[in-house]
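S.K.: Handing you this structure, nothing more for now.
The values are calculated or read from the model by the stated rules, or taken from the named source; none is laboratory data. Owing to the predicted nature of the structure, the values given are computational and were not obtained by experimental measurement. We place every Cβ from the backbone using ideal geometry, glycine too, and count neighbours over all the protein chains shown.
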């Protein structure tokens, strides 16, 4: 991923922010999100990593969790702030670093898949450091073998299950790693394989 790829990806999300936020607000709450939140302590602290329109943050706040939200798109961050009342951290991948053991869980729905593979291990290690021992992470990816841009110009890194498992195990930070494969239409209406990963921070 070049700086140009980053700029194009962010430009797409900035340009579609209002439309994306409206569509997200009409979405029913993801069952995966409720299951993830059920595993956190009551009133625990969640990082919404790649918060997008803020739909997940809003639901977590409604369930009385503390939420830190971050996103690389200024347009989406503005929409999330309107939806949730939070101050969203605007950070690129290389800027994502929080205090050690800060979060009970990290929710990363369709966000880490925009990170180049060459930078992913470093990012994951920094994210893992911010999770408390016994804390949770949930993340989703697109299945495949390449790195490329879609028709809108958004950069994606595609993974196979074994590749993701190796990366998460390679940090030495996670256990109980579960990867589930599902097939559904992506944002553009294209049938797509997705990988949904959940894991626990090791003691």
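S.K.: From the residues in region 60-81 that are in contact with a helix residue (DSSP H, G or I) (Cβ under 8 Å, 6 or more places away or on another chain) and either part of a loop (DSSP other than H, G, I, E, B) or modelled with pLDDT under 95 (or both), which one is surrounded by the fewest Cβ atoms within 10 Å (Cβ to Cβ)?
M.R.: 63
S.K.: Would you check if residue 105 is part of a strand (DSSP E or B) and at positive phi? Reasoning before the result, please.
M.R.: Numbers: part of a strand (DSSP E or B): yes; at positive phi: no.
The answer is no for residue 105.
S.K.: Follow-up question, since we're still on this one. Looking at residue 36 and the list (1) without any contact (Cβ under 8 Å) to a residue 40 or more places away in the chain; (2) in a helix (DSSP H, G or I); (3) in contact with a strand residue (DSSP E or B) (Cβ under 6 Å, 6 or more places away or on another chain); (4) over 25 Å from residue 152 (Cα atoms), which single condition is not satisfied?
M.R.: (1)
S.K.: Related question: Might you let me know whether region 82-100 holds any residue that is over 17 Å from residue 44 (Cα atoms) and assigned to a strand (DSSP E or B)?
M.R.: Yes, because at least one residue in region 82-100 is over 17 Å from residue 44 (Cα atoms) and assigned to a strand (DSSP E or B).
S.K.: Same structure, new question: Has region 90-97 got at least one residue that is under 25 Å from residue 24 (Cα atoms), touching a helix residue (DSSP H, G or I) at 6+ places or on another chain (Cβ under 9 Å) and surrounded by fewer than 17 Cβ atoms within 10 Å (Cβ to Cβ)?
M.R.: Step one: filter region 90-97 for residues under 25 Å from residue 24 (Cα atoms), giving 90-93, 96.
From the residues that got through so far, the ones that are touching a helix residue (DSSP H, G or I) at 6+ places or on another chain (Cβ under 9 Å) too are 90, 92-93, 96.
Restricting the remaining residues to those that are surrounded by fewer than 17 Cβ atoms within 10 Å (Cβ to Cβ) gives 90, 92.
Yes: one or more hits.
S.K.: Shifting gears a bit: Output the residues belonging to region 102-129 that are farther than 16 Å from residue 186 by Cβ and buried (at least 21 other Cβ atoms within 10 Å of the Cβ).
M.R.: Going residue by residue through region 102-129, those that are farther than 16 Å from residue 186 by Cβ are 102-108, 115-129.
Of everything in region 102-129, those that are farther than 16 Å from residue 186 by Cβ and buried (at least 21 other Cβ atoms within 10 Å of the Cβ) turn out to be 103, 104, 105, 106, 107, 108, 115, 124, 127.
S.K.: For region 168-178, give me the residue count where each residue is in a helix (DSSP H, G or I) and either surrounded by 18 or more Cβ atoms within 10 Å (Cβ to Cβ) or more than 19 Å from the chain's Cα centre (by Cα) (or both). Talk me through it step by step, then tell me what you get.
M.R.: Filtering region 168-178 down to residues in a helix (DSSP H, G or I) leaves 168-170.
Restricting the remaining residues to those that are either surrounded by 18 or more Cβ atoms within 10 Å (Cβ to Cβ) or more than 19 Å from the chain's Cα centre (by Cα) (or both) gives 168, 170.
Residues meeting the conditions: 2.
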